[in-house]
Amino acid sequence: MSLAMLYPWLKAVHLAAAIIFASGVLAVAMLLAAMLADTASTALLARAVRRWDQVVTGPALFIALACGLVLAVNGHWFDAAWLHVKLVFVMVLASIHGYQAGLLRRLVGGAALRRRRSMPLVLICTTAIAVLAVVKP
């Protein structure tokens, strides 16, 4: 089976993984924005969200990156400016995810954190990535 025949499937897996990843990052951003106090329920919720992040959101990032790399190589897009701009937004979103993972780890450990507001940046990055991937300006 050729890569051309697999292209629609690879693109669908890439898109599904990207949606799952972005949803996970946004969910953690909402949780961190809602944290008001250091309570036992906060630590319990953080533990559940951290487990979800490790089992679902993190792997979705790697699947999206791997499929995206294959798509970019197959499409000969590495010379395209839109891809370079998109990759900047992808790296920002991945960095936010890493930062959130550290915050979740500290919350599970019982640390009190001040509110974090990364939702606008997550939404901006996700929107920019989608527009650049679809329009390819």
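For the range 70-79, does any single residue satisfy the condition of being outside any helix (DSSP H, G or I), of a type in the set (Phe, Trp, Tyr) and out of contact with any Gly (no Cβ under 6 Å at 6 or more places or on another chain)? Checked against the condition, which is being outside any helix (DSSP H, G or I), of a type in the set (Phe, Trp, Tyr) and out of contact with any Gly (no Cβ under 6 Å at 6 or more places or on another chain), the range 70-79 yields at least one hit. Scanning the range 112-122 turns up no residue that is more than 18 Å from residue 58 (Cα to Cα) and among the polar types (S, T, N, Q).
Does residue 92 meet the test of being open to solvent by 30 Å² or more (accessible area, probe 1.4 Å), within 24 Å of residue 114 (Cα to Cα), touching a Cys at 6+ places or on another chain (Cβ under 6 Å) and free of Cβ contacts under 8 Å to residues at least 60 places away in the same chain? Reasoning before the result, please.
On the way: open to solvent by 30 Å² or more (accessible area, probe 1.4 Å): yes; within 24 Å of residue 114 (Cα to Cα): yes; touching a Cys at 6+ places or on another chain (Cβ under 6 Å): yes; free of Cβ contacts under 8 Å to residues at least 60 places away in the same chain: yes.
Yes; evaluated as a whole, the condition is true for this residue.
Using the structure shown, decide if residue 70 is in contact (Cβ under 8 Å) with a residue 12 or more places away in the chain and either closer than 27 Å to residue 103 by Cα or under 14 Å from the mean Cα position of the chain (by Cα) (or both).
no
Of the residues making up the range 106-124, one or more are closer than 30 Å to residue 7 by Cα, free of Cβ contacts under 8 Å to residues at least 60 places away in the same chain and part of a helix (DSSP H, G or I). Among the residues of the range 35-45, those identified as open to solvent by 60 Å² or more (accessible area, probe 1.4 Å) and either modelled with pLDDT of 75 or more or part of a helix (DSSP H, G or I) (or both) are 40, 41, 44, 45. Screening residue 62 against (1) aromatic (Phe, Trp, Tyr); (2) surrounded by 13 or more Cβ atoms within 10 Å (Cβ to Cβ); (3) in a helix (DSSP H, G or I) leaves a single unmet condition, (2).
Is it the case that residue 117 is under 22 Å from residue 47 (Cα atoms), at pLDDT below 95 and in contact with a helix residue (DSSP H, G or I) (Cβ under 7 Å, 6 or more places away or on another chain)?
Values: under 22 Å from residue 47 (Cα atoms): yes; at pLDDT below 95: yes; in contact with a helix residue (DSSP H, G or I) (Cβ under 7 Å, 6 or more places away or on another chain): yes.
Considered against the rule, which asks whether it is under 22 Å from residue 47 (Cα atoms), at pLDDT below 95 and in contact with a helix residue (DSSP H, G or I) (Cβ under 7 Å, 6 or more places away or on another chain), residue 117 comes out as yes.
Return yes or no: is residue 84 open to solvent by 60 Å² or more (accessible area, probe 1.4 Å) and either of a type in the set (Asp, Glu) or touching a Phe, Trp or Tyr at 6+ places or on another chain (Cβ under 9 Å) (or both)? If you could, list the steps in order and put the result at the bottom.
Details: open to solvent by 60 Å² or more (accessible area, probe 1.4 Å): yes; either of a type in the set (Asp, Glu) or touching a Phe, Trp or Tyr at 6+ places or on another chain (Cβ under 9 Å) (or both): yes.
Here the answer is yes, as residue 84 does meet what is asked.
The values are calculated or read from the model by the stated rules, or taken from the named source; none is laboratory data. Being a predicted model, the structure only gives us computed values, none of them experimental. All Cβ positions, glycine included, derive from the backbone under ideal geometry; neighbour counts span all protein chains shown. What goes into the accessible areas is simple: the full protein's heavy atoms, side chains included, and nothing from ligands, DNA or RNA. Shrake-Rupley method; radii C 1.70, N 1.55, O 1.52, S 1.80 Å.
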